[in-house]
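J.: Right, I'll just put the structure down here and ask away after.
Readers should treat all values here as calculations from the given coordinates under stated rules, not as data from a laboratory. Every value quoted in this text rests on a predicted model; they were computed, and no experiment measured them. We place every Cβ from the backbone using ideal geometry, glycine too, and count neighbours over all the protein chains shown.
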Amino acid sequence: MKQKEEIFTEELFKNPPAVYRGAPFYAWNGKLDKGILKEQINTFEEMGFGGFHIHSRIGLSDEYLGEKFMECVTFCQKYAKSKGMFTYLYDEDKWPSGYGGGRVTQKEEYRARYLLFTPFFHEEGYYDRGLKPSCRLTEDGTLKLLASYRVELEGGRLRSYEKVSGGYRNAEECGKKCVEECVCKEGYPEEGKHQWGEEKCRKKQKIWYAYLVVADSLPWFNNGAYVDVLNPKAISTFTKVCHDSYFEAVGGEFSGSIPSIFTDEPQFIKMQNMECGEKLQEIGIPYTEGLEDEMRMHYHVDLMERLPEIFWESADGKPAALRYQYLNTIADRFADSYVGTLGKWCENHGIMLTGHVMEENGLENQARHVGDAMRSYRYFQMPGIDMLANRYEYTTAKQAASVVRQMDKAGMASELYGVTNWNFDFRGHKLQGDWQAALGVTLRVPHLSWMYMGGESKRDYPAPIDAHSPWHGRYSLIEDYFGRINMALTRGKARVEVCVIHPIESMFMLLGPDKDTLWERNRLEEEFQELARWLLFGQMDFDFLSEALIPKLYKGTEKKRLRIGEMSYRAVVVPPLLTIRSTTLQMLEEFSKNGGMVITMGRLPGCVDGNGLSNGIAVDIHSKNIGFDRHALMKELEECRMLRILDGKGLQRKDLLYQLREEEGRKWLFIAQGHDNRKRDGGISAKGKEEGQIRIEIAGGYDVCLWNAMKGMRESAVYEIRNVCCKTGGCRMETHVWVPFWEHDSVLLELIPKRDEDTESFEEVSGTVKGDGKGHEKVSGHGEKGFERVQGKESQNGWLAEIGAGCIYSKYLPSENSYALEEPNVLLWDMAEYSLDKGPWQECEEILRIDNIARKTFGYRLRTDSFPQPWLSGNRNKKEHIVSLRFRIDSRIDQVKAEIALEGEEDVELTFNGRPMKMIGDKWFVDSCIKRMDVGMIKKGENILECKIPFGSLTNLEWVYLLGDFGVEVKGRKRVLIPLPEKIGFGDYVQQGFPYYGGNFCYETVVEIPEGDAELLVDEYEASLIEVEVDGQKPVAMFAAPYRIALGRLQGGKHRLKIRSYGSRINMFGQLHNCNPYETYFGPGTWRTEGENWCYEYRLHRCGILKAPVLKVWRCAKNSAEMG
C-alpha cells in the first residue's frame, strides 16, 4: 500500500498534491451538523491541508458509530473527495484506543487486567488501591487470589522463596495486620499504600500474595473499562465493533480517498517496581490469562512458580533472567495481540494502520507501558509517533523511522503541535515540523482542529489549528512548504551508513527495586539519548536495530555491508548493554568476519538472552572497543561520513539534522534546524543576526539544484566540485555547496551524480573542478565569502543581498502610527461575585473556580473529572439549581455602544445596567457556541452585568466578553475602560489599551522614499507572522529570520504601508492566572492551578511588533522582480 511516487516536476513542487500534505485531527466534539462540516472542510482546504482525521472527541453529542455519525463520515468523505482531499479515520471514541466507546469491554473477560503482588492479604472482591489513574487507566478493580509465596530476603534482596499451596487464603490464617512469621513494627501511612502502613519484619520470612485484578469501570471509558490489549480475542472484538463498522459504511474508498485508520495510545496497565526491597508495598505488573503458557513455550519456565524473581534483585548477584523473559513476553504479546490484530485486519481490508503507541519516548517509559515500541511498528503499514508540547524527542522519531526504512513502510506519521498553547507561532510550527521531516516524518497530523470550542473544549490542548485562530488564512504557507519537502523525502530510500543496537532489553533487566537499579536505569537512559545526539548532531545519520526484529530482517552481509531488510549499513555500533541476544551476537560475528565495522562502546554485556555467562565475564564481541566517548566514536566512523555542514568560519555546525535519500539518477538532501532556537521575547537572536551561510561538503561529484520549498521554485546553486585528501588516506571527490542559512531555515538540494564523460570537460585548478556552465553557477574558489557570488540574489526568506547594491535610504518607521483592528476590542470578564440558589452574594471569584464551588455544593462531578460522552445520556441536563453571577467594570468613557459574548442557553436571564435582556441572537464571537448580543451603551462610572443561570451537571460556567470601541487599562487585577488610543506606538500593544485583544492588528503609516528596491526589517515581534502591504497591493508575509521583507521596486515618493501582526488568542482564552514560569505542557489543568502557581493578577503575554521596523531602499539591485 506504499504510495506510488509522482513524477517530480517544478509545477507539482509549487503546488503539491494532497497526499504530501498534512491532515489534522478533526475533533468532533459536539452536535454533528453537515453545514458546519462542509464549511470546516473548506477551511482545511484553504489552510493547505490534504485531508483530515475524523476524531471523536470530548463532547460528542451524537452516538459514536451510530447512524448519524456514520452518515456524517460518509458525507465528509464524499465532499472531501470532490475537492481532491483525503478522509482519514480514527478508531476510538476519545483515547486510548481499544475499548470501542465502551462496547468491547461490556464483557468482563475483555477488560484490562494486571497482577497485583502484595504483602497484604485482601478478601476477594472489589479493591480500591487509592491511586489516581495512570495514563487514563485505573488500578482499582476486582481481586482474585492467584498464589501465595513465602519469601526470604537478605538486605532487601531475594534469598529464597517458595510457592505456598492452599495456605494463607483467609484472614483467620494470615491475620489482617501481621502473619505468624512476622513481628510488626508500627509504620506510617502513605498515599496508595495499604491502610495499615509499613511493616518491618524482625524475622526473615514474609507471606506475599499474587492477585489478578480486573480493572474497574471509569467515566472516561463511557462508564466501561479499558480493554485487555494482551488478549487477541478482545482486540478482534474491537475490530468487529469499530473497523467493521467503517468498512461497511465507506470500505469502498479504502486505499482510495480513505488511506488509513489511526490508533491512538494503546497500552497495558503500567509496569511498576518496588522503591526498595525491604519495604512492604504493593506492585502491579502487566498480566493476562495465558501468559504462563506462552512463557512455558518460549522459555521453558513456570511464571507463577518463580514469580518473586520479577520483583527483587537476587541476593547471590545473579542477573534478573526471569524479569527479562517476562518483559520480552509482554512486549511480544502486546505487539502481536493489539497491533498485530489491527495491522492484519487493515492489510486484509486494503487500508493502512497508522497511529502511535503510548509512551514511546525513552527506554523506561516504553518498557513500562508497551514493552518495546519498535517491535510493535512492524505491524503498522505507516508507523507513527506523538510529539506533544514542542518536545524534541530524537530517539522517539528514530525508532519509528528505522523500522519504516528497514521494512519499506508507506511512510511515518506524527501527531504534533498539541499542548503548545495559543501563542505557538509559525516559527515554532516550521521548526517542529522541520526536525521531524529530517528524521523521517512524512504525514503530519497537527493536533488539533476543533469543531466547537464551547465549555471545556476550548481547553482541549490548544492551540486550535483551524478557523478559531486568526492566522488560519495564512497557514497554507506552512502546509505548502511541508508538502514540497515531502515530495522529495518520500522518493527513493534513505541513504544511511551506520546502525545502532537498540538497548531496550537491557532496560527490561533493570526494572527491579529503585534502591538497587535506579542508578543503572538512569545511566542506560542517559547513554541511549546521548549516543543518538552525538550521531545526529555529528552529522552521521543512523538507524536503530531492534534485536527482536533482527531474526526476521537480517539478510546477511554483502561487500562489507550489513543487510537489514531493505537497508544496508557499513558500521554497527553496540552501545553499553547489560544483555544481548544470541541471534544478535551471531549476526555481529558474521559481519565482522566479512570485513564489516563493529564498534562496541564502554562496558560489554554480561548476559546473553538475559542469562549470565558461566564464567562471569563479559560477552566476547569481535569489534573495535572504545569507551563511551563522542570523539572516539566519531573518529572511528569518519570513513562512513557522507557529508559535513560548516558555518561561515569553517567550523562544523552542531545544531543541524539532515536526511539523504537516493533514487534512480539523483539524490535528495534535506538539512534542517535540530533545536528550538526561537527567542522567547519575540526578537531575533544574536545568532540570527550573525548567521547567514553554511557550507555543505558532500562526498562525490554532483550537479546541484537548490529547491526553495518556501517559494515553491527551483533556484540555481552555488557549488564547486573538488578533489580533497581524506584523513584516512587517499583522495576523493567532493561537492561543496554554499547556501544562505538563517536560524529558522532549511535546505533542500537535488544532487545529480556526474558521469565519467562529464568530468572530462572539467578543468582542474588547484584541486578545484570548475563548472562548465550547463545551467549552473561557475565558481572559482570556496572561501568564507562564498555568498558574494550570489550577486544580488535572494535567500529562501526573500532578503536582498547587500553585496553589489548600495543602500540609499534607511530609517525607522514613525514611532506612532494609525492602526486598525480586525475584530472588536475585548474586556475579559473572568471574575464575578456569585450566588448559589438565590443565597447571599459571595465575594468576587474567578469563574472556573466558581464552577468548582457550585459543583461541590450541588454534589455534581467536577468538570476536571472524567465524564461519559454526552451521547450516552441523550444530552439530558437536569437543571435543578441556580447560579447567579455579577460582573462589574468601571468606565472613564460614556455612551459607547457595546456587545457581550457568552456561552449559555435561552433560559439564561441577563441584566445589563438594570435593563433585562434575552439570551437570543444569531451572531457569535470566535465560535458558534459563544453567542454575541447587543447590550446598549456603556456609561461612565460603574457598569454591571448580571447573569442568572439554571444549573445542572452538564452546565458550563465560562468567561464572558465585553466587546466594543473602547480601550482597557489593567493594573494588577484592577481594570477600567478607557478611550481607544488615536494612534499606536510600536511596542507591546497589550499595554496600550488592548490587553485581551485576540485578533489581527494592523499598523498603518505613510513613508516618503527615493526610487529603488525596498525591504522592511521587522526583527522583534510577538505574533504568529507578519504581513506587509504596500499601496494596497498583494501583501507579502514573513515569519522567520532574517526578518527582512522584500517589497520590490518602488517609485520615488509617498507610499502607504500596512503591516499586519497576526495575533493569537492567548490573552483572550489562555491561562491568565497561572504563574508557574516553568509550565510547558498546556493541558486543561493549567487553567485551574492552585497555591503558589495561582494568582488573581493577570499574567498577560506581550503582543504585536515590539520594535520599530526599519525601511531600507537599495539602488542597482539585480533581479528585483523576484523580490515580491
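J.: Could you list the GluC sites (Glu not before Pro) in segment 116-155 that lie in coil according to DSSP, counting only those with at most 15 other Cβ atoms within 10 Å of their Cβ?
T.: Those satisfying the criteria are GLU123, GLU124.
J.: Right, next: Assuming R0 = 60 Å, what is the FRET efficiency of SER61 and CYS731, from their Cβ-Cβ distance, to the nearest 0.05?
T.: 0.25
J.: Looking at segment 857-920, which trypsin sites (Lys or Arg not before Pro) are DSSP coil and have at most 13 other C-beta atoms within 10 Å of their C-beta?
T.: Taking segment 857-920 and a limit of 13 other Cβ atoms within 10 Å, the loop trypsin sites (Lys or Arg not before Pro) found are ARG861, ARG876, LYS878, ARG892.
J.: If you don't mind, there's one more thing I want to ask. Over what distance in Å are the Cα centres of segment 274-290 and segment 487-525 separated?
T.: Spelled out, the Cα-based centre of one part sits 25 Å from the other.
J.: Let me ask you something else. Could you calculate the contour length gain from ARG136 to SER873, that is, 0.36 nm times the residue separation minus the distance between their Cα atoms, to one decimal place in nm? If you can, show how the numbers build up before the last one.
T.: Working: separation 737, 0.36 × 737 = 265.32 nm, distance 2.14 nm.
Extra length from ARG136 to SER873 when fully extended: 263.2 nm.
J.: SER217: net charge of surrounding residues, Cβ under 12 Å, Lys/Arg +1, Asp/Glu -1, itself excluded?
T.: Every neighbour counted, the sum reads -2.
J.: May I pose another question? If R₀ is 25 angstrom, what is the calculated FRET efficiency for the pair THR9 and GLU39, using the beta carbon separation as r and rounding to 0.05? Write out the running numbers ahead of the final one.
T.: On the way: r = 33 Å, r/R0 = 1.32.
Once the sixth-power term is evaluated, E becomes 0.15.
J.: Quick one: of LYS878/LYS923; LYS430/LYS811; LYS344/LYS552; LYS144/LYS206; LYS144/LYS233, which pairs are farther than 24 Å apart, Cα to Cα? Intermediate values should be presented prior to the final figure.
T.: Values: LYS878/LYS923 27 Å; LYS430/LYS811 30 Å; LYS344/LYS552 17 Å; LYS144/LYS206 20 Å; LYS144/LYS233 21 Å.
Violating the 24 Å limit, Cα to Cα: LYS878/LYS923; LYS430/LYS811.
J.: Please go through segment 620-653 and write out the trypsin sites (Lys or Arg not before Pro) that DSSP classes as loop and that have at most 15 other C-beta atoms within 10 Å.
T.: Working: sites: LYS624, ARG630, LYS635, ARG641, ARG644, LYS649, ARG653; in loops: ARG641, LYS649, ARG653.
Of the trypsin sites (Lys or Arg not before Pro), the ones in loops of segment 620-653 whose Cβ has at most 15 other Cβ atoms within 10 Å are LYS649.
J.: Rounded to the nearest 0.05, what FRET efficiency do GLU969 and VAL724 give with R0 = 51 Å and r taken as the Cβ-Cβ distance? Could you check?
T.: Working: r = 65 Å, r/R0 = 1.28.
About 0.20, to the nearest 0.05.
J.: Based on alpha-carbon centroids, what's the gap between segment 588-649 and segment 362-395 in Å, whole number please?
T.: Segment 588-649 and segment 362-395 have Cα centres separated by 25 Å.
J.: Let me ask you something else. From the Cα gyration tensor of segment 439-520, with a ≥ b ≥ c the square roots of its eigenvalues, which class applies: rounded if a/c is under 1.5, or else prolate if a/b is larger than b/c, or else oblate?
T.: Oblate, because a/c is 1.5 or more while a/b does not exceed b/c.
J.: With a/c under 1.5 counting as rounded, go ahead and sort the chain into rounded, prolate or oblate using the C-alpha gyration tensor (a ≥ b ≥ c being the square roots of the eigenvalues; past the cut-off, prolate if a/b is larger than b/c, else oblate). Intermediate values should be presented prior to the final figure.
T.: Details: a/c = 1.94, a/b = 1.09, b/c = 1.78.
Cα axes put the chain in the oblate bin.
J.: Take LYS711, LYS983 and order them by how many other Cβ atoms sit within 10 Å, fewest up front.
T.: The most exposed by this proxy come first: LYS983, LYS711.
J.: Could you please rank ILE893, ILE599, ILE465, placing first whichever residue has the fewest other Cβ atoms within 10 Å of its Cβ?
T.: ILE893, ILE599, ILE465
J.: A follow-up question, please. If amide hydrogens are placed 1.01 Å from N in the peptide plane, which non-local residues have theirs closer than 5 Å to the one on PHE544?
T.: Answer set, sorted by chain and number: SER402, VAL500.
J.: How would you classify segment 825-978 from its alpha-carbon gyration tensor, with a ≥ b ≥ c the square roots of the eigenvalues: rounded for a/c under 1.5, else prolate if a/b is greater than b/c, otherwise oblate?
T.: Since a/c reaches 1.5 and a/b is larger than b/c, the shape of segment 825-978 is classed as prolate.
J.: How much length would be gained if the chain were fully extended between ASN348 and ASN223, taking 0.36 nm per residue of separation minus their Cα-Cα distance, in nm to one decimal?
T.: 41.8 nm
J.: Okay, next question. What does the extension gain come out to for ARG495 and SER835, with contour length at 0.36 nm per residue minus their alpha carbon separation?
T.: Computed gain between ARG495 and SER835 is 115.6 nm.
J.: Next up: Determine the alpha carbon to alpha carbon distance for each of LYS939/LYS971; LYS83/LYS711; LYS624/LYS754; LYS711/LYS754; LYS1034/LYS1112; LYS78/LYS398 and list only those over 26 Å.
T.: Flagged as over cut-off: LYS624/LYS754; LYS711/LYS754; LYS78/LYS398.
J.: Right, another one. Please list 3J(HN,Hα) in residue order for segment 364-377, calculated via the Karplus relation 6.51 cos²θ - 1.76 cosθ + 1.60 where θ = phi - 60°; whole Hz, with x for glycine and proline.
T.: Running phi through 6.51 cos²θ - 1.76 cosθ + 1.60 with θ = phi - 60° gives 5, 4, 5, 4, 6, 10, 9, x, 8, 4, 5, 6, 7, 5 Hz.
J.: Quick check on the exposure proxy: order CYS807, CYS731 from fewest to most C-beta atoms within 10 angstrom. If you can, show how the numbers build up before the last one.
T.: Values: CYS807 14, CYS731 11.
Final ranking by Cβ density, sparse to dense: CYS731, CYS807.
J.: I would also like to ask the following. When we measure straight from the Cα of LYS897, which aspartates and glutamates land under 13 angstrom away, once same-chain ones fewer than 8 places off are left out?
T.: ASP934, ASP965
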